[in-house]
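The values are calculated or read from the model by the stated rules, or taken from the named source; none is laboratory data. Note that the coordinates shown come from a computational prediction; the quantities given were computed from them, not determined experimentally. Cβ coordinates were reconstructed from backbone atoms using ideal geometry, including for glycine residues, and neighbour counts include every protein chain displayed.
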Ligand code: FAD
C-alpha cells in the first residue's frame, strides 16, 4: 500500500504545487512507513518528483487527457489508487484539484478535506489543520474514512527535498466512449507572467488606484518582487483589469507568502479570499481602512508616492 499523489502540470512541466504535494505526501508516508507514488498526466521530467520523495510515477499519456477535465482525471486517479491499493490520496487545493477531488471522493468512497495548511499531525497524519469560515479561522479535522483524500493549500507546507529514485511506469487507464475531452481552455494569462495560483508573492490593486492607466506602478512593483498581479472585485467589474485577476471570496483565493494590497479597503469579502496569505502588507492613505487590522505591516500614505519609492528601494537589492 502506498500513498498516491496527483501532481499537476502545465505544458508538460510540473507546477510548483506538484512538488509541494509530493513533499507533504512523503511526510505522511514516513509516518505510515510506506512510499509515495505520483500520478502525472502528459508530463515529463519525472526525476524532479524524485527529489521530493516520490519513488514511483504512474505516467499517463492519453489524448483525451491533454487538457484538464475533472471527470476524466478523477476517473483515472481512482483507477491509479485502486491499482496501487492506495488508502491515501494527496492533491493540492488549486481550483482544478478542488474540482476533481469531490468526484474522486465519490468514486473511492473517501473522506476529503481541502485547504490543509499545516504539516501532518505528529500523533496521526489524518488529524489535519485546515482553514474554515472563509479563511477567518482554522478547524482541526480527523479523517476517519477508510480511504482519505487530503487537499494541501499552496505555500502552506513548502518544498522539502527528500531524494528518492522515481521509477516511471506507463499507466494506461480505461476510458470509455462516454469520456469527453476538453478541446481548449481560454486562460487570462500574459505569457511569462507569474500566475496567481502559483505565486509566492502577489501585488494587488484596488479602487484607490483611481484608474487602469495607473496600473503601471502595480506591475512595476510586481516585476521587481517576481510577483503576480491581482485586483479587488470592483476593479475587474469596471474593466480596469481582467477578471482572471479578481481575488477574494468570489474571485481567486490567494495563499501567498506575501500579499501586498495597494489602495484596497479590506472589505470582508476581499479578506475572505486573501487572508490565508502568510504576510500581508497594506498601503492605504486612510489610517482607518479596515485592512490595517488584518495587516502584518501597514504603510499609511498615498499609493502614488509610496509605491514608486518602494520600487526604487527594492531595485537596489
Ligand atoms: P474601495 O472600498 O473603494 O476602497 C478603496 C481604498 O483605497 C480605500 O480604503 C481608500 O482609502 C484607498 N485609497 C484611495 N486613494 C488612495 C491612494 N491615493 N493611496 C492609497 N490608498 C488609497 N471584493 C473583492 O475584492 N473580492 C471579492 O471576491 C468580493 N466578493 C464580493 C461578494 C459579495 C457578495 C459582495 C456583496 C461584495 C464582494 N466584494 C468583493 C466587494 C467588497 O465588498 C468591496 O466592495 C470591495 O472589496 C472594495 O474594493 P476596493 O477595496 O478596491 O475599493
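Before moving on, here are some points about what is shown:
- Residue check: residue 315 meets all listed conditions (1) more than 24 Å from residue 98 (Cβ to Cβ); (2) near the ligand (Cβ under 9 Å from one of its atoms); (3) in contact (Cβ under 8 Å) with a residue 40 or more places away in the chain but one, namely (2).
- All positions within region 242-258 that are within 12 Å of the ligand (Cβ to nearest atom) and either crowded, with 19+ Cβ neighbours inside 10 Å or in a helix (DSSP H, G or I) (or both): 243, 245, 246, 247, 248, 251, 252, 253, 254
- Subset tally (residues that are within 15 Å of the ligand (Cβ to nearest atom) and free of Cβ contacts under 8 Å to residues at least 12 places away in the same chain) for region 287-312: 3
- Restricting region 226-241 to residues that are more than 7 Å from the ligand (Cβ to nearest atom) and touching a helix residue (DSSP H, G or I) at 6+ places or on another chain (Cβ under 7 Å) leaves a set whose member that is nearest to residue 288 (Cα to Cα) is 231.
- Residue 174 surrounded by fewer than 21 Cβ atoms within 10 Å (Cβ to Cβ), modelled with pLDDT under 95 and closer than 16 Å to residue 20 by Cβ: no
- In region 192-199 there is no residue matching the filter, namely being assigned to a helix (DSSP H, G or I) and either within 16 Å of the ligand (Cβ to nearest atom) or modelled with pLDDT under 85 (or both).
- Screening 26, 56 for residues that are under 15 Å from residue 163 (Cβ atoms) and not in a helix (DSSP H, G or I) leaves exactly one candidate, 56.
- Pairs linking a residue in region 75-95 that is within 19 Å of residue 152 (Cβ to Cβ) to a residue that is at pLDDT 95 or above and assigned to a loop (DSSP other than H, G, I, E, B), with Cβ atoms under 6 Å and 6 or more positions apart or on different chains, are 87/147.
- When region 276-286 is filtered for residues that are within 13 Å of the ligand (Cβ to nearest atom) and buried (at least 22 other Cβ atoms within 10 Å of the Cβ), the ones remaining, listed by number, are 282, 283, 284.
- Residue 33 vs. criteria under 19 Å from residue 169 (Cβ atoms) and either at pLDDT 95 or above or within 18 Å of the chain's Cα centre (by Cα) (or both): no
- Residues of region 134-164 satisfying the condition of being touching a strand residue (DSSP E or B) at 6+ places or on another chain (Cβ under 7 Å) and not in a loop (DSSP other than H, G, I, E, B): 138, 139, 140, 141, 142, 148, 149, 150, 151, 152
- Matching residues, region 14-40, being in contact with a helix residue (DSSP H, G or I) (Cβ under 9 Å, 6 or more places away or on another chain) and more than 26 Å from residue 146 (Cα to Cα): 14
- Among the residues of region 262-293, those identified as modelled with pLDDT under 95 and touching a strand residue (DSSP E or B) at 6+ places or on another chain (Cβ under 8 Å) are 273, 274, 276, 277, 278.
- For region 292-306, the criterion of being surrounded by fewer than 14 Cβ atoms within 10 Å (Cβ to Cβ) and in a helix (DSSP H, G or I) is met by at least one residue.
- Across region 259-268, the number of residues qualifying as more than 11 Å from the ligand (Cβ to nearest atom) and in contact with a helix residue (DSSP H, G or I) (Cβ under 6 Å, 6 or more places away or on another chain) comes to 1.
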